[in-house]
1. For region 4-49, just run the numbers: alpha carbon Rg, then divide by 2.2 N^0.38 Å, N being how many residues it has.
2. Please report, in debye to the nearest 20, how large the charge dipole of region 4-49 is about its Cα centre when each Lys and Arg carries +1 at its beta carbon and each Asp and Glu carries -1 there.
3. Counting Lys and Arg as +1 and Asp and Glu as -1, what is the net charge of the other residues whose Cβ lies under 10 Å from the Cβ of V39?
4. If you line up the long axis of helix 21-30 against the longest principal axis of the chain, both from Cα atoms, how many degrees apart are they, to the nearest 10?
5. As a footprinting exposure proxy, order D43, D20 by other Cβ within 10 Å, with the fewest listed first.
6. Which of R14, R24 has the fewest other C-beta atoms within 10 Å, and how do the rest follow up to the most?
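Bear in mind that the values in this text are calculations on the coordinates, not laboratory data. Here the structure is a predicted model, which means the values were calculated and not measured. Cβ placement follows ideal geometry from the backbone for every residue including glycine, while neighbour counts extend to all protein chains displayed.
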Amino acid sequence: MTTSTHTFACPECRRSFEVDDAMREALLEVGCVVCGAPVVDADLTAPTVE
């Protein structure tokens, strides 16, 4: 089974971490898990498949 990962970089708190597809969707819905800032597609890199 392949999993795609994205790198998220918060424009507000500058935290950066890798997320899977499910976490990507959650970030887009609820915002940054660290500071709560809104997240848009531009804050996530294109997926890489592992």
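1. So the Cα radius of gyration is 0.99 times the expected 2.2 N^0.38 Å.
2. The calculation lands at about 200 debye.
3. -3
4. Once rounded, the angle reads 20 degrees.
5. D20, D43
6. Fewest to most other Cβ atoms nearby, the residues stand as R14, R24.
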